[in-house]
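Following: one structure in structure tokens, then a few remarks.
The values are calculated or read from the model by the stated rules, or taken from the named source; none is laboratory data. The structure displayed is predicted, hence computed values, not measured ones. For neighbour counting, all protein chains shown are included, and Cβ atoms are generated from backbone atoms with ideal geometry for every residue, glycine included.
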Amino acid sequence: MNISIIGSGYVGLVSGTCFADLGNNVICADNNKEKISSLKDGIVTMYEPGLEELIKKNTKRGTLKFTTSTKEAVEKSEIIFICVNTPPKNNGQADLIYVEKVCEDIAKYMNGYKLIVEKSTVPVNTAQRVNDVINSFRKKGAEFDIASNPEFLREGSAINDLMHPDRVVVGVNSKKAEKLLKDLYEPLKTKILVTNISGAELIKHASNSFLAMKISFINAVANICERVGADIEEVAAGIGSDKRIGPAFLSAGIGYGGSCFPKDVQAFTYIAEELGYDFGLLKEVEKINEQQKEIVVKKCEELLWNLLDKKIGILGLAFKPDTDDIRCAPALHIIKRLQEAGCKIKAYDPKAMDNVSKTTKGITFCKDAYAVAKDVDCLLVLTEWNDFKELDLTKIKNIMRQPILIDGRNMYDPKKMKKLGFKYACIGRKI
Ligand code: UDX
Ligand code: UDX
């Protein structure tokens, strides 16, 4: 099939590359010239395991191409995926200006039937707007369908999530659109759930909001655990063993971050309000998430007393492991709060330091975890990178100024940490 992707960011690039790997002819377009020029040279500017290799393989065999020209992408393809970003406005509403602009361009260049697919996360009823824009700007006789095909890929395991999904959701209002998308996903041999368009749009917001709710729920329970001496890992295992609940997304920590959950919870709350429904549950999910980041700062105060001039080492900056993405990373919020309180910050992250150095001032970046630990009063573990599991903790303890470690991701065994001589704090576990 001939496919184009408009917006080659995390979602667009991974989707386009996987479609190419399935044997389709794919053109990935983006208005960022530098990004496209790097991609043409086989250089991927973001970190996603396995992506660079897959891009090289498919570029070489001619199934994957890159362009800055929306015109070229639209003219040469039958299915067009809209994958531009949909960032939040200050009031939480999804900003759909890029989606609108891209639709206008698509309409102008349509040279025959096109299936235009929303892959970016958009609020319910966006398809109606997309339809109106295309109708207004298309040439007479250029037929089209709109569809919604949300993505559920997680950064760090995006290729696997796309190639082996639990389900593919296809929201359509024509048999032709349904057939095209079913044919595209047929090689994945997975369950394809067909709904109307607003159903598919809703599935995306509802799925992400539900997962965020699970995380806030378990974080709230972790706070109760701390007050009564129960262990959140045991409690989560007990809850998650019930098949109706399931064990996934019940890891207590420092709150969810990333480009999706914070934005989607807000956008879903906003659109619900617009539709006349007060989704108070989601407001609470967000509130708990904000408080959870503050808990780390409070633990610093409890263990360090005064924060002024204290040296704090941060292990992990990305919003989760196996990515360099720092969008809404809890670590950035915590660092800002500690800097405001007068702390001096050193940090290490295997992949995200470049991105943080572009946006946050006053951090001393280190070559590894040991360089961070040297002479600090307290270490904070804020992203659960595998590398941090393998650290020589005795060495770490010996080079710190004070052996205080706050484990925001429950990576270490509290008993072992105590035995090693750390003053150790974590989230919702018995110490
Ligand atoms: C995606 C989705 O689109 C978003 O709605 C979802 O909730 C999360 O994932 P993501 O792929 O992470 O966003 O965004 P980003 O990495 O910023 O990629 C968007 C790309 O679109 C960028 O490369 C940007 O240059 C490009 N773009 C943006 C265009 O090509 N044209 C535009 O008009 C705007
Ligand atoms: C998410 C969705 O999972 C995915 O389906 C897609 O819609 C895009 O958004 P992503 O943001 O890449 O994926 O990462 P995810 O693994 O979902 O983690 C999001 C955040 O939740 C991270 O900050 C992570 O640390 C946190 N998290 C996750 C927890 O705190 N506890 C958990 O149990 C799981």
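Of the listed requirements (1) in a helix (DSSP H, G or I); (2) under 28 Å from LYS214 (Cβ atoms); (3) touching a residue at least 12 places away in the same chain (Cβ under 8 Å), GLN339 misses just one: (2). Only residues that are closer than 27 Å to TRP385 by Cα and of a type in the set (Val, Ile, Thr): list them for segment 19-57, please. The answer is ILE43, VAL44, THR45, ILE55. Test ILE271 against the stated conditions and say whether it is away from ligand 2 (no atom under 15 Å from the Cβ), in contact (Cβ under 8 Å) with a residue 24 or more places away in the chain and either under 21 Å from the mean Cα position of the chain (by Cα) or assigned by TED's automatic domain parsing to the domain that holds MET411 (or both). When the stated conditions are applied, ILE271 passes them.
Scanning segment 130-143 for residues that are under 18 Å from CYS83 (Cα atoms) and either out of contact with any Asp or Glu (no Cβ under 7 Å at 6 or more places or on another chain) or within 16 Å of ligand 2 (Cβ to nearest atom) (or both) yields a total of 2.
Yes/no per residue for (1) within 21 Å of ILE82 (Cβ to Cβ); (2) in the same structural domain as LYS101 (by TED's automatic domain parsing); (3) away from ligand 2 (no atom under 16 Å from the Cβ):
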| position | (1), (2), (3) |
| --- | --- |
| ALA20 | yes, yes, yes |
| LYS33 | yes, yes, yes |
| LYS40 | no, yes, yes |
| PRO49 | no, yes, no |
| GLU52 | no, yes, yes |
| LYS57 | no, yes, yes |
| ARG61 | no, yes, yes |
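Say whether the condition of being acidic (Asp, Glu) and either near ligand 2 (Cβ under 10 Å from one of its atoms) or modelled with pLDDT under 95 (or both) is met by at least one residue in segment 221-229. Within segment 221-229 (the criterion being acidic (Asp, Glu) and either near ligand 2 (Cβ under 10 Å from one of its atoms) or modelled with pLDDT under 95 (or both)), the answer is no, since none of the residues qualifies. Is it true that some residue in segment 266-284 is modelled with pLDDT of 95 or more, small (Gly, Ala, Ser) and at positive phi? Among the residues of segment 266-284, at least one is modelled with pLDDT of 95 or more, small (Gly, Ala, Ser) and at positive phi, which makes the answer yes. For segment 246-292, the set of residues classified as within 14 Å of ligand 1 (Cβ to nearest atom), assigned to a helix (DSSP H, G or I) and buried (at least 23 other Cβ atoms within 10 Å of the Cβ) consists of PHE261, PRO262, ASP264, VAL265, ALA267, PHE268, listed by residue number.
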